[in-house]
1. For the range A:22-42, what are the residues that are farther than 27 Å from A:ARG184 by Cα and either aromatic (Phe, Trp, Tyr) or at pLDDT 90 or above (or both)?
2. May I ask you to list the residues in the range A:46-68 that are surrounded by fewer than 19 Cβ atoms within 10 Å (Cβ to Cβ) and either at positive phi or within 7 Å of chain B (Cβ to nearest Cβ) (or both)?
3. Given the conditions (1) without any contact (Cβ under 8 Å) to a residue 40 or more places away in the chain; (2) under 23 Å from B:ILE70 (Cα atoms), which single one is not true for B:ASN104?
4. Is it true that B:LEU122 is under 16 Å from the mean Cα position of the chain (by Cα) and without any contact (Cβ under 8 Å) to a residue 24 or more places away in the chain?
5. Output yes when any residue across the range A:182-193 is away from chain B (no Cβ under 14 Å) and either polar (S, T, N, Q) or without any contact (Cβ under 8 Å) to a residue 12 or more places away in the chain (or both), and no when none is.
6. Could you check, for the range A:35-58, whether at least one of its residues is out of contact with any helix residue (DSSP H, G or I) (no Cβ under 6 Å at 6 or more places or on another chain) and in a strand (DSSP E or B)?
7. Condition first: farther than 22 Å from B:LEU149 by Cα, among the hydroxyl-bearing types (Ser, Thr, Tyr) and either modelled with pLDDT of 80 or more or not in a helix (DSSP H, G or I) (or both). Can you find one or more residues in the range B:176-199 that meet it?
8. So A:SER71 fits all but one of (1) out of contact with any strand residue (DSSP E or B) (no Cβ under 7 Å at 6 or more places or on another chain); (2) away from chain B (no Cβ under 13 Å); (3) assigned to a loop (DSSP other than H, G, I, E, B); what number is the exception?
Amino acid sequence: MANDYIIDIQHLSKSFGGVKVLDDINFYIRRGEFITLLGPSGCGKTTLLRQIAGFIAPDEGKILLEGKDISGIPPYERPLNTVFQRYALFPHLDVYDNIAFGLKLQKLPADEIEKRVKRMLKMVSMTDYEDRSVDSLSGGQQQRVAIARALVNYPKVLLLDEPLAALDLKMRKDMQLELKEIHRKMGITFIYVTHDQEEALTLSDTIVVMSEGKIQQIGTPIDIYNEPVNCFVADFIGESNILKGRMIRDRRVAFIKHEFDCVDEGFGEDVPVDVVVRPEDIYFTKDPAKCQFKAKVNSCIFKGVHYEMWVDTDSGYELMIQDYDPYEVGTEVMLYIDPDDIQVMHKERTRNVFDGKMVDETHVEIMGAEFECLPQEGLAEGDEVLAEIRFEDVDLLDHQEDGVVAGEVHFLLYKGDHYHLTILTDDGYHIWVDTNDIWDKGDLVGVNIAPKAIKLSKRND
Amino acid sequence: MKKFIAKAYLWILLGLLYAPLVFIAIFSFTEARVLGNWTGFSTQLYTNLFTGNAGGGSALLSAVRNTLLIALIASLVSTLLGTVAAVGIHNMKGRSKAAVQFVNNIPMINPDIITGVSLFLLFVFPHFSQGYVTVVLAHITFCTPYVVLSVMPKLAQMNPNIYEAALDLGAKPSQAFWKVLVPELRPGMVTGFLLSFTMSIDDFAVTFFTRGTIGLDTLSTYIYTDARKGGLTPELRPLMTIIFLLVLVLLVVFNIRQHRAVAKSQAK
């Protein structure tokens, strides 16, 4: 039902200075929906919002509003309004004139303007503030004025660019509830941008999780939380234990060297997978019959509502558990996981694969650099090859200049007994590494690969 | 003792600075042609100045009129040009921005005499007839960079989203400029305007080279010619006294306003 979509985004792409900020974005927004674009900074969510608002033109693709392409229409002719990150109120106008700004441009009669402004002031509980200068308002009050200023024009869609980011925690929580209430009362479609996963889970009907210019997952907050499609989503939304696993057959999965029943089907038999278990879904038990594996409590911290514990399993993995009851450090505990609570995901990749070219018999060019390899039979200089490197065979060095290529730690996941890192090289290549060493996001590293770890095969045969 | 010396130093310094002005003010109340002779108290020079019976006839008054008119036109046009230029420069990025800012600074550092001679050559070369128009154009040339310089910081302080917010609420780019940008930049524009105005009134070198031969005089060129003819017209003494008092009043008002603005922003 195309009529149900107020906004339909098709094949939207945008680059800034050669860097792809948005890469073939496709999704639609239903009328009256509260949709959140969620992702870490630099994922392209703000760029996407600014394209919908009309401040940036897309390189490719279309933005359809009620079926009509609006990509070529300037922002002042789009029936959309924006609430900006730092409010962007007009400092030379008082509260009333700020809110009336859009209506005055439409040349509405004065009594109509007054009626609508007063109604909006009431909606955001700022009735007595109409003569105040905006500089004299607190952050939360300024934000209310900004929301009123946008909504007073009765836009078809309200765009909100991290509107609560500048407020303190308590105020943010209050405003979240108020925003939800305003959305309910006005019935207008809201597109909300944030990097705060909790805010997204609280507010949204639908969440669009973005990373590096691509949509990772679209779904309801419950879907996204309970059934993340990949490690990025699982790690970004809430706390999670992400572990290497193996699907034995339908409804049976192995990880942390134990076998568990689960509810996932259709992965095939004996297939490597990733497994997500939320820390609140691992249960303590006193009943040996229920116990699936044993562990020893390693640390226990009070977090307000619950305790956060790290345990070492009998098979040598570290897991995070959240529970209302604390267990003392050193306690041997029995644990089990419900089949429902095990989320099995396809592995995005099982090894690094690069396109390469033979330089000579013992050298291959991959990632824009020359690596030494074992003497290759049947491969001649200039041959195009595929180079495969296992995650654990990549060596990371403290000093960038010691490596064959230099890069930085771009993303990291703890997988219970090792770290899975994404390294972004200076030339823009991604290389994935399994390591026991501790690195931080943003660390500068040199990358080296032992000659025997590079497996080469001819391309196109 | 130390305190006394410090105070005395200050007063001597102030005395030396202001003595010439006080001297002129005192001698504006006597009729003697030669500065320094006291022939008894009289307000005759003031009367002459305002009735047009000055020594140079109406030439002095017309010079004053020219000065003010040129300054007004030049600083109005510069304020407009400079503000638009500042917005443009502000929206540029990286190297080109730095380059344009550097180019903007050159006319301010360049000695007036060089600006004057080069403008003279520029106007003479295509046989452009010199007079009022060329003087105004020349003044706009050297005033505009000062406006750019006083508007730029206001742009930097401004929330970058407010222009977009105006567009978002339905304002066309020109409406957003007048309704949102200009009110935000007004303090910078006023500073730029006042700077241009005083620079224009003050200018001698550039005016001298661009006024041509039609006998156009501003105050500075009039005084220069007058002094060379032998002795200053006595009516210049009350004129200078009045200008000085006007500037003093303006300065005091300006300071009080600024003081109040600071106090207001601290009270918030």
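1. A:LEU22, A:ASP23, A:ASP24, A:ILE25, A:PRO40
2. The answer is A:PHE55, A:GLY61, A:GLU66, A:GLY67.
3. Looking at each condition in turn, B:ASN104 falls short on (1).
4. So B:LEU122 does not fit the description; no.
5. Yes: the range A:182-193 contains one or more residues that are away from chain B (no Cβ under 14 Å) and either polar (S, T, N, Q) or without any contact (Cβ under 8 Å) to a residue 12 or more places away in the chain (or both).
6. The answer is yes; a qualifying residue exists.
7. No, because not a single residue in the range B:176-199 is farther than 22 Å from B:LEU149 by Cα, among the hydroxyl-bearing types (Ser, Thr, Tyr) and either modelled with pLDDT of 80 or more or not in a helix (DSSP H, G or I) (or both).
8. (1)
The values are calculated or read from the model by the stated rules, or taken from the named source; none is laboratory data. Note that this is a predicted model, so its numbers are computed, not measured. For neighbour counting, all protein chains shown are included, and Cβ atoms are generated from backbone atoms with ideal geometry for every residue, glycine included.
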